[in-house]
Amino acid sequence: MGSSFSGFSSDSDADGDGALAKPRLGDIPESCVAAVLMHLDPTQICSLARLNRAFRGASSADFIWEAKLPENYGTIVEKVLDEPKVLNLGKKEIYARLCRPNSFDGGTKEVWLDKRTGGVCLSISFKALMITGIDDRRYWNHISTEESRFHTVAYLQQIWWFEVDGKLEFPFPTGTYSVFFRVQLGKSTKRLGRRVCNPEHVHGWDIKPVHFQLTTSDGQRVASHCHVDNPGNWIHYHMGDFVVGKSDTSTKINFSMTQIDCTHTKGGLCVDCVLICPSSVGKLINSLS
């Protein structure tokens with residue numbers, strides 16, 4: 001028993017009285033630390049890396065971070081990052097790069113890894129969507145705002161036929177994903193440093209619900225509907241989920257948000273983006289909306 005502890009002492013095998021020194025946290029071999037860290041989530045690993053040199057060294061082991069990366073991270077890096085040399089970096093560095101918001105397709109889309117789960121999240125700006133009448137200033141305006149990751153949202157003044165369509169092809173890792181439209185009733189601005197929402201043009205959304213539709217290239221189809229409400233707050237409206245069974249090919253999805261009943265006009269709506277994320281992250285978003 002005593003000989004097994006003696007190997008953990010970094011200063012001497014015994015204290016001044018000849019007794020065996022007690023093992024300390026810093027005496028644990030990096031390989032043992034790494035084996036433990038592998039079973040923790042990324043935020044826990046980074047927190048423990050601050051404990052001492054052994055934990056800091058172990059927290060950079062490639063095999064730890066490769067297990068946290070999506071199985072097809074190489075394909076994602078090639079599609080999103082215009083830097084082939086990124087794949088030559090350590091796995092921890094690759095993970096850190098993918099956790100940042102990485103824009104692509106002319107800045108109209110962003111992808112990142114959720115730091116807690118390592119799941120792939122993707123946001124699509126309204127600029128990458130097909131919106132009825134978007135180029136007609138009688139109906140729509142583009143508004144600069146700090147409340148969007150794309151710094152601009154589309155604001156609907158008034159229209160009879162409301163239709164927003166989008167499509168995406170992306171190499172999602174295997175798993176279940178939730179799709180949300182992020183919209184707000186009312187136009188928010190800042191006045192004397194405070195956020196103020198103007199509901200002046202909000203009308204028509206309480207008469208009929210909006211309809212959501214989601215389809216995938218492998219035959220999945222989801223349809224739902226709800227009323228748009230809660231003026232002055234950004235809401236993530238859940239349109240449905242889809243399942244990715246294979247990560248070696250890109251998944252194609254089509255989605256829409258419509259209210260095409262022309263018996264009344266609709267207005268006062270801000271359209272920001274479409275968010276796609278793992279269903280575990282989506283459940284958290286649903287609980288907050």
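The values are calculated or read from the model by the stated rules, or taken from the named source; none is laboratory data. Just so you know, these numbers come straight off a predicted model, no measurement behind them. When we count neighbours, we look across all protein chains shown, and the Cβ atoms used for this are built from the backbone with ideal geometry, even at glycine.
Before we move on, is GLN213 in the same structural domain as LEU129 (by TED's automatic domain parsing), of a type in the set (S, T, N, Q) and touching a residue at least 24 places away in the same chain (Cβ under 8 Å)? Judged against the criteria, GLN213 is a match. Looking across segment 129-175, the residues that are in a strand (DSSP E or B) and under 30 Å from TYR73 (Cα atoms) come down to MET130, THR152, ASP165, GLY166, LYS167, LEU168, GLU169, PHE170, GLY175.
With respect to ASN254, determine if the residue is part of a strand (DSSP E or B) and in the same structural domain as VAL164 (by TED's automatic domain parsing). Working first, answer last.
Details: part of a strand (DSSP E or B): yes; in the same structural domain as VAL164 (by TED's automatic domain parsing): yes.
Taking the combined requirement at face value, the residue satisfies it.
Kindly indicate whether GLU93 is under 19 Å from the mean Cα position of the chain (by Cα) and touching a residue at least 60 places away in the same chain (Cβ under 8 Å). If you could, list the steps in order and put the result at the bottom.
Working: under 19 Å from the mean Cα position of the chain (by Cα): yes; touching a residue at least 60 places away in the same chain (Cβ under 8 Å): no.
The answer is no for GLU93.
The set of residues from segment 64-90 being farther than 19 Å from SER247 by Cα and of a type outside the set (Gly, Ala, Ser) comprises ILE64, ASP82, GLU83, PRO84, LYS85, VAL86, ASN88, LEU89. Does segment 23-46 contain any residue that is β-branched (Val, Ile, Thr), at pLDDT 80 or above and surrounded by 12 or more Cβ atoms within 10 Å (Cβ to Cβ)? There is no residue in segment 23-46 that is β-branched (Val, Ile, Thr), at pLDDT 80 or above and surrounded by 12 or more Cβ atoms within 10 Å (Cβ to Cβ).
Filtered by the rule that a residue be surrounded by fewer than 19 Cβ atoms within 10 Å (Cβ to Cβ), assigned to a helix (DSSP H, G or I), modelled with pLDDT of 95 or more and not small (Gly, Ala, Ser), segment 76-128 gives a lone residue, LYS127. Checking each residue of segment 260-274 against the condition of being surrounded by 15 or more Cβ atoms within 10 Å (Cβ to Cβ) and basic (Lys, Arg) gives at least one match.
Could you please let me know if VAL228 is free of Cβ contacts under 8 Å to residues at least 60 places away in the same chain, among the β-branched types (Val, Ile, Thr) and either crowded, with 19+ Cβ neighbours inside 10 Å or out of contact with any Leu (no Cβ under 9 Å at 6 or more places or on another chain) (or both)?
Working: free of Cβ contacts under 8 Å to residues at least 60 places away in the same chain: yes; among the β-branched types (Val, Ile, Thr): yes; either crowded, with 19+ Cβ neighbours inside 10 Å or out of contact with any Leu (no Cβ under 9 Å at 6 or more places or on another chain) (or both): yes.
Answer is yes for this residue.
Tell me the residue from ARG138, ARG116 that is over 20 Å from the mean Cα position of the chain (by Cα), at negative phi and of a type in the set (Lys, Arg), please.
Details: ARG116 fails: over 20 Å from the mean Cα position of the chain (by Cα).
Unique residue meeting the criteria: ARG138.
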